[in-house]
Each structure stands twice: as structure tokens, then as C-alpha cells.
Amino acid sequence: MFKPSAPAHNFHCREFKPSFSHFPSNTMPAIAKRSLELNDDKVMAVKSENAPEAVGSAGNSTPQRRKLRSSSSPMKLSPISKPMKLGSPRRRLSACANSSADGIEKYFSQKKVQTFCKSVEKSVDKPKWDPKDVKQISEAKEALHVSTVPSTVSCREDEQKRVLEFCKACVEQEKAGSLYICGCPGTGKSLSIEKVKQALVDWAGEAGFQEPDVLALNCSSLTKTSDIFSKILGKDQPPKKVKSTTSALQLLQNLYSQKPQTSRRKMTLIIADELDFLITKDRAVLHDLFMLTTYPFSRCILIGVANAIDLADRFLPRLQSLNCKPMVITFRAYNVEQIIRILQERLMTLPHTVFQPQALELCARKVAAASGDMRKALCICRSAIEILEAELKESNDNLNSSPVVDAFFEQQMAPAPVVKKPEIDIVKIGHMAAALSKTYKSPVVDTVQCLPQHQQIILCSAVKLFRRKKKDSTVTELNKSYVDICKSTLIPPVGVFEFSSMCRVLSDQGLLKLGGQCRDEKSKRVTLNVDEADITFALQGIRFFRNCLQ
């Protein structure tokens, strides 16, 4: 009789072993594949260690199969029997001993430091100064004083070269010439001319030419504008008694019109600084001065220095028609890099570090944006030192208390000097910002910022009204502009009577100017009595007024 076999489930429970060797290699479960892929590196290491066991387990000539962790002995745990715990990428990066993250961070930090210190590498090695030392403070102020003449004039090499080449050509050819130097105040014009003057004298002696006579004068010190001809005449010929009817200008014209008695007459270099002080109503003095270089036997080299760029075009039109217009060299305003360089070169003469590099950069950026005036930058730096002095004096006065109080707070305040010392041993950004605010702040700005809102709206309305190339307007038109702004911003406007009263208040403060003798307040003429730039600057920090003024 046929005997039935055991149930299928019992057969599987007794005979089926948890081994993947029953499956062909091409039908391996996907779970095992994923497990092997996740631990691919470690599985390959284990394979190399257990290679003999894999060969022995085969026991026949069948092809060798990969030994999986499920086919190992249940009593012997495989080194990879536990699943690998993958941490977060951040933890794995920090846990890795050979990670290059530290090297990258170190590289960028070093690069940042190198870039930052590139411009101030000369001042890093210097020790910080002691602002309590009176001698060191006086040395720093003297180095930054406008009257202190540096050994070299930086950032003006090209301009000095052009002026010197012009003067050399005149001396070599024994020919007169005129040159006009212009530029904004504080751009190194006068200082550069002083260096050129000395360089020309030295060159003439080395090249075998006669050293030119030099007449340097400031036109603002002349009692009369015509006195400049007397000074030139005193240089060209020895003083002697002349008839009172003959002026110095006529003598110079006669001198330069005739052939000189000597074979070689010395050249005369005339440097007229602040040339715009010679501008008279008929412009005769200025014109006659430049005409001296056009005479056939003239031996004067005239260099005029002033701020106006178009002075020759406006005041000397006849020179251009006579084809004797002077050569023009313009000194441009200093930019940020040039101001920082000049300040650092002046501070290099000191044996200690006085300024934080960021403080010098702040000063340079503000001055370059405002005017590019180097004298202004020097004054601001001196003012920053004075602010540091006042701060130290105030802190010392606060610390000068009674001995009982000092003994009581001695232990609690012991670490305080260590913390505060780095903050007051050098001029920092805070001191420079205070000096800049002190220099550039206008009293008009403070007045406008302290006004009530409706009075500020009136000033804002006046600025918008007078931007249409109107010099003045009536109170009625100003009121209309004021009402339009209030309605556009949903602010209830004041009445006409109160508006007129506020206009009178602004007029009393010098911000508006009410004119006319009309009895009717609405018909009075009104105009701005201050610069509209001050009003814009005072109100630009408030978004409401910034939108109104756009």
C-alpha cells in the first residue's frame, strides 16, 4: 500500500536550511544583493580571509560558489554578521581621520588672512603704541599733520614727471613757456610742485645748464594783484631806482622785448600758487601775466596752480586766439587705495602701530566718496587720535575713586584691565566713525531730524517742488504739494492756517525763506534756504520719506 509522505510544511521545517546555496547564483534574492552592495568593501575583505573555508565546503568538483554569510556555521559569527550602521554624512566626515576638510578649512583661512594682511604687512610686526604716552601721541599727530612734508609724494609720479619734462624742455631750448595745474583741494598740487622745483635745480646742475632762478609765491598773500610783477622784476634784474611813472609790468615787457646784453640770461621759474586770487573784474592782471611768456626774448617759465579746471578757458580766451594757451595738467582726486597708501606711508615712520587697518580703510572710503581731499583724511585721523585720548582720560577719571572702593572692588574688577586693554591701545573703527561723524555732520541735518513729522513732510514737499527747476514758489503751491504727499500716504493733512504757521516756524529756523510784503499768507513767496542734499540726507533713513523723495 502506498504510504503518504509528510506534509509540505513539516518537510520544509526539518529539511530546509537557511542557506542561499540552494539558489542558483542568478536567482539570488534582491535583499542579499542590496546587503552585499552596501557592505561591498568589507565583504571583499572577508572573502579573502575565508577563502580556504569556501573551498572546503564545496567538497566536490563543482564550480566554486561565493560563500554568503547565511551559509556559515551558526556557532561561528561572521565579522559582518551585524548590519553596518551608517551615520549621517556630517558625522562620517568628522569621524574620518584622513578627511581633508580640516585641510580645506585651513587653506581658506590662511588665504583669507594673507589677503587681509597684504596691504598692512609692514605694520603687523610693529608693537602697539601706548596712548597714555604723551611723546608717542605727539609723534603720531606730527606724522599726520598737513604741514609735515613727506620725503616722497606718492600717487603723483605721472603728474610730476610731466611737469618736470616740460620744465626741462624749456631750460634746454632756452624758451619761455606757461603751464597751468588744476585739481580739487588736497590733491597734492603744491606739494608736487615743490618736489619738481628741487628736482629741476638738481638736474640743471648735473646736466651742465645754468640753474634757473626760482620765484615761488602764494597769490593770496599779495596786497595788490599787480604786486606780482614787482616780484618778478626783482628776480630778473637787481633792484634800482626807476621812475614812478613806469610800472613794473612795463619794465618787464620792455625787458623781454629786447635782446639781452649778456650772451646767456638765466631762466626764471615762476610758481604762482592760488592763481585764482589774481582774477579781477577786467582779468587784466591774469592775462598780462601769461602774456609775459609770449615775448621773443622772455626767459620765464610760468607755472600757475589753482582749483578751477576751466580757468584758462573762462578767463583767458584771448590766449587761445593768440595760440599761446598754457598747457594744462589735471590732478585728479585721490581714490580709496591711494589714500590708504599715503596714510600707511606716513605711519611707517612711527615705531609702533597706531591705527587698526579697518579704521584706515573706513576713513579712506568716506573721504574718497566725499571729495578725495587728502588733507581732510589727515585731519580726520588726527581727530580720531584725539577721541581716543578723551576716552582714556574719561576712563581714568572714572577709575580714580577712593581707596576703600578700590579695595572693595579689587577682586571683582581684577580681570577688567585684561579685557579692556586691547580696546583702548589702538585707534579702532569706533573712534574713526566718531571722527568722521564730527567732520561731515551738518547742523542742518540735526535740525531736520528733530523736527515734527508734518514739518518734515513740508520740507520734503519743498524739495520735490523745487526739483522742477523752480527757484521759488508760493505758499499755496507748497501747500498743494504737501496735501498730495499726505493723501498718497494716507496721512491726514493739517489745515491751511496751521500749515502757514508751520512754514513760519521753518522760516524762523532758517530752513525756509518767506518773502514778499503780502498780507495774505497764501500769496507769499517761499523758497528753500538750505541745500536740498542736507534734507535728503537727513530723511533718507526713514522709508516713508525715502519713497517720497524718489
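The values are calculated or read from the model by the stated rules, or taken from the named source; none is laboratory data. Everything quoted here is computed from the prediction, not taken from an experiment. Positions of Cβ are backbone-derived with ideal geometry, glycine not excepted, and every protein chain shown enters the neighbour counts. Protein only, heavy atoms only, side chains kept; ligands, DNA and RNA dropped before computing areas. Shrake-Rupley method; radii C 1.70, N 1.55, O 1.52, S 1.80 Å.
To put it simply, the accessible area of segment 443-549 at a 1.4 Å probe is 51 percent carbon and sulfur. Atom-type composition of the exposed protein surface of segment 336-394 places 52 percent of the accessible area on carbon and sulfur (1.4 angstrom probe).
Within segment 443-549, the proportion of Cα pairs with more than 16 Å between them is 53 percent.
Heavy atoms of the protein chains alone define the surface here; on that basis segment 336-394 has 43 Å² accessible area per residue at 1.4 Å probe size. Once backbone amide H atoms are built at 1.01 Å from N, TRP129 has THR353 as its partners under 5 Å, excluding neighbours fewer than 5 places away on the same chain. Residues whose amide H comes within less than 5 Å of that of VAL328, counting only those at least five positions distant or on another chain, are TYR180 (H built at 1.01 Å from N in the peptide plane). Residue pairs exceeding 27 angstrom between C-alpha atoms, taken from LYS235/LYS325; LYS141/LYS231; LYS366/LYS480: LYS141/LYS231; LYS366/LYS480.
Can you pull out the trypsin sites (Lys or Arg not before Pro) in segment 456-550 whose DSSP state is coil and whose Cβ has at most 13 other Cβ atoms within 10 Å? Here the trypsin sites (Lys or Arg not before Pro) that fit, given the DSSP loop and packing criteria, are ARG467, ARG468, LYS469, LYS470, LYS471, ARG519.
Grouping the Cα pair distances of segment 336-394 into 10 Å bins from zero gives a pair-distance distribution of 22, 54, 21, 2 percent in increasing distance order. Accessible area of THR349 (1.4 Å probe, protein heavy atoms only, ligands and nucleic acids ignored): about 110 Å². State the percentage of accessible surface on segment 139-200 attributable to carbon and sulfur atoms; use a 1.4 Å probe and exclude ligands, DNA and RNA. Here carbon and sulfur together make up 50 percent of the probe-accessible area.
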